[in-house]
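What follows is a short report on a single structure.
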Amino acid sequence: MTKILIVEDEEHISRLIAMALSPLGYICETANDGEKGADMIEQNRYDLILLDVMLPKIDGFELIEYIENYAFQYDAKLKE
């Protein structure tokens, strides 16, 4: 199964995205700020990360840099 992390500070938006993707068989997890997103990335492996850029604590641009440095563990490629 494809595992997706949704990093979005507006809960109603992250819920809507998860509600749209879950019936299609995707496993969706959410983080409501960049710091929690970084923690979840460290603890789990995701096939896709949907990332807002305007986030509390760590903004999306900083989190992208973190993911780039952490991506070697995933053998991942970033898509913009």
Hey, Tyr74 in contact with a Ser or Thr (Cβ under 7 Å, 6 or more places away or on another chain), open to solvent by 30 Å² or more (accessible area, probe 1.4 Å) and either on the phi < 0 side of the Ramachandran plot or modelled with pLDDT of 90 or more (or both) or not: no
The lone condition Glu80 fails out of (1) under 12 Å from the mean Cα position of the chain (by Cα); (2) exposed (fewer than 15 other Cβ atoms within 10 Å of the Cβ); (3) at pLDDT below 95 is (1)
Applying the selection to segment 48-60, what residues are surrounded by 16 or more Cβ atoms within 10 Å (Cβ to Cβ) and within 8 Å of the chain's Cα centre (by Cα)? Ile49, Leu50, Leu51
Please find, within segment 3-47, the residue that is surrounded by the fewest Cβ atoms within 10 Å (Cβ to Cβ) out of those that are among the polar types (S, T, N, Q) and part of a helix (DSSP H, G or I). Gln43
So, in segment 48-67, of the ones that are without any contact (Cβ under 8 Å) to a residue 12 or more places away in the chain and assigned to a helix (DSSP H, G or I), which residue ends up nearest to Ile13 (Cα to Cα)? Phe61
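The values are calculated or read from the model by the stated rules, or taken from the named source; none is laboratory data. Computed from a prediction, not measured in an experiment: that's the story for all the values here. A quick note on method: Cβ atoms are made from the backbone with ideal geometry, for glycine too, and the neighbour counts reach across all protein chains shown. Side chains are part of the model used for accessible areas, which takes the heavy atoms of the whole protein and leaves out ligands, DNA and RNA. Shrake-Rupley method; radii C 1.70, N 1.55, O 1.52, S 1.80 Å.
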